Amino acid sequence: MKRLTAAIALAALATGCSQIPSYQAPQNDLPPSLTLADNLKLDNQLNDQAWWQSFADQQLTEWLEQALGYNRDLAVLDQRLVQAQAALTRGQADRLPNVIGQAGLGRQQTSDNAFPTNQGAEFDRFTLEGLVSYEVDLWGRVRAQQQGLVARYQALASDRQAAQLSLTSAVAQHYFSLRALDEMVLIAQNTVVSRQENLQLRQRQFELGRLTPLAVQQAEVELSRVEVELIRLQAEQDQQRNALSVLLGHNPTQQLAMAQSHPESNTRFIDLTLPPLQLDWDSQRLLQRPDVIAAEQRLQAANADIGQARAALFPSLKLNALLGFSSVDLNSLFDSDALQWQANAGLTAPIFNGGALRAQLQITEAEQQIILLDYQQTLRQAFAETLNAISQLNRADAQLAAQQRQLDALRKTLDLAQKRFDAGYSSYLEVLDAQRALFDAEIAMARTQRDLRLARIALYKALGGHSQAAT
């Protein structure tokens, strides 16, 4: 017994010989801040809110809540988290002693030839035993396994956050694209009505001899051009609506309808105001992006895998103990004479395995380098996405101002062209050119309004959004 106790004490001292490499966080070369246009004011005021609340759009918020509640991909990831949590619990059990109990009863006949006296025996046997086994974590194998499970669970949780961010971004993108298409369809419908009225007027003028047939044909061509554009926009509108329905967990055949109680439902898209941008702009925030966190957690898991592979090269020590009762008579099963016990320590060491364990170590070390490269690429991609979003946002804002000036100028141009034509100073072609340019500019303005919102969504997504929405 003293020898066993000494062996256990020696094993306890040896548990400090961990083979797990010391984890070093990878270096990054991110600049301290990002350059933004003067009109973009970024701060931390929304850190306690979901990022989409910055748009102050009740319909968007309502549909995003629907998407978060019914999205299949998030539901799948939730179940994978349940699996990972169960695996983590199972792994934690490996660090504890394994205790089992067993009870038995039986009757047996011994062989007459098995004893010198040629007298076999037939008797009952009753047993009640408890067995304890425990692997002493000499080299940190069990601890490395646990660290790997924790890191993989956290990586999966970050994957879930990244999927949620992608989902909310996609819903917002489709929502504003649909709102922009609604606006463009309305512009086209109003323009078709205007062109039809204009064509009727030109036909009457032709009948009165005030216009040539060419002017009437030009008016018909312009009407047809707008009708073709209207059909194209309506087809694109249906596609956006179907895509949004799928993201919200609806059947695409189910019609999406905006709640009329929301203020934005009764406001034209081009008249919606966009609140000032409020965002945490420190570039180090990229390290908190869910996909970057997941990549680093996988790097930590790979580091733990190396610890397991190294520990497999060394002997393993397992302690076993048995305590119980055994008797041929059930009535005397718990007598002191029926007590039995056993204790032993087993040392298992790899002697020859054809280099398999060394090869496994090389595999895990190479895998760690691959994951490190993936992490570095993920961080670079995050920085590139942020720069692209900032560039797009800066240019969309400047483009919107320029297009508004263009739109104002084209409206004046059309008014002047119409007056010149009515006064007989110019041909009807000038009016058609002005009408065509104004229609194209109105459509372009709706697209730029959309692009400005999409750029803002891209920037929120690139920086990982704000605080996580409720799940």
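For T348 and N388, a Förster radius of 56 Å and the Cβ-Cβ distance give a FRET efficiency of 0.50, rounded to the nearest 0.05. Residues S426, S54, ranked from the fewest to the most other C-beta atoms within 10 Å, line up as S426, S54. For the stretch 400-463, a crude dipole built from +1 on the beta carbon of Lys and Arg and -1 on the beta carbon of Asp and Glu, taken about the Cα centre, is about 420 debye to the nearest 20.
A cut-off of 5 Å between modelled amide H atoms, ignoring neighbours fewer than 5 places along the same chain, links A343 with L322. For the pair D337 and Y23, the difference between a 0.36 nm per residue extended length and the Cα-Cα distance amounts to 107.5 nm.
Each Lys or Arg adds one and each Asp or Glu subtracts one; over the other residues with Cβ under 10 Å from the Cβ of Q173, this totals +3. R143 sits among other residues whose Cβ lies under 14 Å from its own Cβ, and their net charge, with Lys and Arg +1 and Asp and Glu -1, is -1. Cα to Cα, under 20 Å, and not fewer than 8 places away if on the same chain: which aspartates and glutamates meet these conditions relative to K318? The reachable aspartates and glutamates, counting only those whose Cα sits under 20 Å from K318, are D94, E129, E135, D137. Exposure proxy for F314, F176: other Cβ atoms within 10 Å of each Cβ, ordered fewest to most, give F314, F176. Note that the stretch 291-306 has calculated 3J(HN,Hα) couplings of 5, 5, 4, 4, 5, 6, 5, 5, 5, 5, 5, 5, 4, 5, 4, 4 Hz, one per residue in order, obtained from phi through the Karplus relation 6.51 cos²θ - 1.76 cosθ + 1.60 (θ = phi - 60°); glycine and proline are x. Could you calculate the FRET efficiency of A402 with Q58 from 1/(1 + (r/R0)^6), where r is the beta carbon distance between them and R0 is 22 Å, rounded to 0.05? Efficiency, from the Cβ-Cβ distance: 0.10. Legend: ranking of residues S194, S177 from fewest to most surrounding C-beta atoms inside 10 Å; resulting order S194, S177.
Electrostatic bookkeeping for A93 treats Lys and Arg as +1 and Asp and Glu as -1; over the other residues with beta carbon under 14 Å from its beta carbon, the sum is 0.
Our coupling estimate for the stretch 412-419, obtained by passing each phi through the Karplus curve with A = 6.51, B = -1.76, C = 1.60 and θ = phi - 60°, is 5, 4, 4, 4, 5, 5, 5, 5 Hz, Gly and Pro reported as x.
Every number here is computed from the coordinates shown, using simple stated rules; none is lab data. Source: prediction; values computed, not measured. Here the Cβ is made from the backbone with ideal geometry for all residues, glycine too, and neighbour counts use every protein chain on show.
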